[in-house]
Amino acid sequence: MGEIFGFSHNATLLIWTLITIVFLIVFISKFKWNPFVTLLMSALILGILSGMKPLDAVSSVTKGLGGTLGTIAIVIGLGTMLGKMMAESGGAERIATTLINKFGERNVHWAMMLVGFLVGIPVFFEVGVILLIPIVFTVARKTNMSLLQIGIPILAGLSTVHGLVPPHPAPMIAIDAYQANLGKTILYSLIVGLPIAILAGPVFGKFIGKRIQVTPPQKLVEQFAPKENRDLPGFGITLLTILMPVILMLIGSVADIIDPDATNSFTLFCEFIGHEIIALLIAVIFSFFSLGFMRGFSKEDISRFSSESLAPIAGIILIIGGGGAFKQVLIDSGVGGAIAEIATHANVNIILFAWFVAALIRVATGSATVAMTTTAGIVAPVLALTPGANVELVVLATGAGSLVLSHVNDAGFWMVKEFFNMSVAQTLKSWTVMETLLSVLGLLFILALSTIV
């Protein structure tokens, strides 16, 4: 629509972008519009306001949605199937009980953090909470420990993996947008993720657990009571099944580092099985046997589990696609380039910039996934003009920013509040503080790591 009020073209683009993001925030958080519909509307509005032809804006939306979901939809679908197999087989319960026995009751909160971290690798945060909340109730009852002292470490483990560790969709979106190396990102995410999960989980959980005493809702306790005499799968086979996609992806990355030109067939094979889609596909098929047929489930049972797991993720996939559409319009309309030019001239630290943008969008929209998807579109052009930047650490900074300050506009906030039977104030003092600790500590660790790698 040209320049407005005498502003330069870049400034005009930024004003339209700000107006569109305010529209996006208000309609999602205040008017409770569906995020997918609102993201599509926002993308089209931004495209038209920034001077794109209406049909070009539509093409940009479809290109962004399709391009984002090309890989991510498969990753989400396969990851959810893997999580479902864990739930139905009792694999998550086996991991929890084994770690509790190994760590002892006094150190059980450390075991819970590891449980959240490990179980969170193949499943969504929300799925992980539903999967593990029965274990939280059971352990709290057995050990007579505070519910939050047990629960916060699990939540910290799940949330850290959700924001930082591939193959979760949010970091995968940033990896794709920034053209980052998957293996390096996994390695750095573990270096950063484990310490912050410890500090925001067992350490903070012990502190807050003494100050906020809550009891789980009785109906939930009855609903989540573990099945009596349940025959659980072995710890080793369960752990192997959960970690298989990560192991395969690391094998592919190591092969690429050793033989970057892929001069022999073994390297090509390792890169093939290390591709995120193939790695997850292998893990899911393996889980059908390790957590399915070997546990006595029939082929009809496994088919039903697979089908049931896909229905709840349709909305999540569409929201991610909508975020991808918005990201593409940011790029095609020239907004990304305008932001890149301004940030480059201002000599902004790219890690701080990525964290800050993701944090702003997270606080405004309440969605870590929307925050990462939208931030990827804003940061990618800046990154392209920042030679020498550690791209993998920018992925992690985007993820860390997307975790900050979860509050009343975040579905996860209400899920935690209800499951732990807390008031809004108690949830803000526990869950919100934990998420913010993860985010800020994550930024500090990433900045520290950037001085070394």
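Points to keep in mind about this one:
- Nearest 10 degrees, 0 to 90: helix 276-290 Cα axis against the chain principal axis: 20 degrees
- Accessible area, probe 1.4 Å, largest first, for residues Asp259, Asp56: Asp56, Asp259
- Modelled this way, with points 7 Å down the Cα-to-C-beta line, the labels at Phe103 and Phe23 are 4.8 nm from one another.
- In degrees, nearest ten, helix 368-384 long axis to first principal axis of the chain (Cα): 50 degrees
- Difference of contour (0.36 nm per residue) and Cα-Cα distance, Leu405 to Phe289: 37.7 nm
- Using alpha-carbon coordinates, inclination of helix 54-89 to the longest axis of the chain, degrees: 10 degrees
- Options Pro166, Asn10, Phe125, ranked by Cα towards positive dipole end of the chain, top entry (Cβ charges): Phe125
- Rolling a 1.4 Å probe over the protein heavy atoms gives the chain an accessible area of 41 Å² per residue.
- Note on Lys429/Leu55: beta-carbon distance plugged into 1/(1 + (r/R0)^6) with R0 of 45 Å gives a FRET efficiency of 0.35.
- Segment Ala311-Thr263, extension gain: residue separation times 0.36 nm, minus the distance between their alpha carbons: 13.0 nm
- 222 nm mean residue ellipticity, helices alone, for the chain (DSSP H n ≥ 4; -39,500 (n - 2.57); rounded to 500): -24500 deg cm²/dmol
- Solvent-free Debye calculation, one equal scatterer per alpha-carbon of the chain: log10 I(q)/I(0) at 0.12 Å⁻¹ equals -1.02.
- Two-site label geometry, Lys30 and His275: point separation in nm, points 7 Å out along Cα→Cβ: 4.6 nm
- Each Lys and Arg adds +1 at its Cβ and each Asp and Glu adds -1 at its Cβ; summed about the Cα centre, the chain shows a dipole of about 1360 debye.
The values are calculated or read from the model by the stated rules, or taken from the named source; none is laboratory data. Here the structure is a predicted model, which means the values were calculated and not measured. Glycine gets a Cβ as well: all are built from the backbone with ideal geometry, and neighbour counts include every protein chain shown. When the accessible area is computed, the model is the full protein with side chains, heavy atoms only, and any ligands, DNA or RNA have been set aside. Shrake-Rupley method; radii C 1.70, N 1.55, O 1.52, S 1.80 Å.
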